[in-house]
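Below: the structure, in structure tokens.
The values are calculated or read from the model by the stated rules, or taken from the named source; none is laboratory data. Keep in mind that this is a model prediction, so the values were computed, not measured. Positions of Cβ are generated from backbone atoms using ideal geometry, with glycine treated the same way; all protein chains shown enter the neighbour counts. To get the accessible areas, we keep the full protein, side chains included, count just its heavy atoms, and leave off ligands, DNA and RNA. Shrake-Rupley method; radii C 1.70, N 1.55, O 1.52, S 1.80 Å.
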Amino acid sequence: NTGPQDVIAIKATKDYRYFLTVLASMDLGVTYIPMMVDYPDPRVEQIREDADFKLLVTDELLASMVTADLGALPE
């Protein structure tokens, strides 16, 4: 769970899931740190130490969270 005082980092491909994550962060009042997908692990850890983010949002995490079949949505 994240709240208004929390910080998250987003290291994901810029697609609709990324956009939804940014919008959800803004809605919750959570500070987010955008990261390039190709940042190496040492750079991510350096940012973690500096910013003390609570959650690292990756493509894998987003894929497990967003599982809706968009073709099955009603018209």
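A Förster radius of 25 Å, combined with the Cβ-Cβ distance separating Asp27 from Ala63, puts the computed FRET efficiency at roughly 0.75. The label-point distance for Lys14 and Gln46, in a model that sets each label 7 Å from Cα toward Cβ, rounds to 2.2 nm.
Summing charges over all other residues whose Cβ lies under 15 Å from the Cβ of Val37, with Lys and Arg as +1 and Asp and Glu as -1, gives -1. For the chain, the solvent-accessible area with a 1.4 angstrom probe is 71 square angstrom per residue. Amide H to amide H, with H built 1.01 Å from N, Tyr32 comes under 5 Å of Ile8, counting only residues 5 or more places away or on other chains.
Surface listing: Ser25, Ser64 arranged by accessible area from highest to lowest gives Ser64, Ser25, probe 1.4 Å. Placing unit charges on the Cβ atoms only, positive for Lys and Arg and negative for Asp and Glu, gives the chain a dipole magnitude near 100 debye about its Cα centre. Split the accessible area of the chain by element, probe 1.4 Å, and carbon with sulfur accounts for 56%. In terms of its Cα atoms, the chain spans 46, 28, 16 Å along the principal axes, sorted from long to short.
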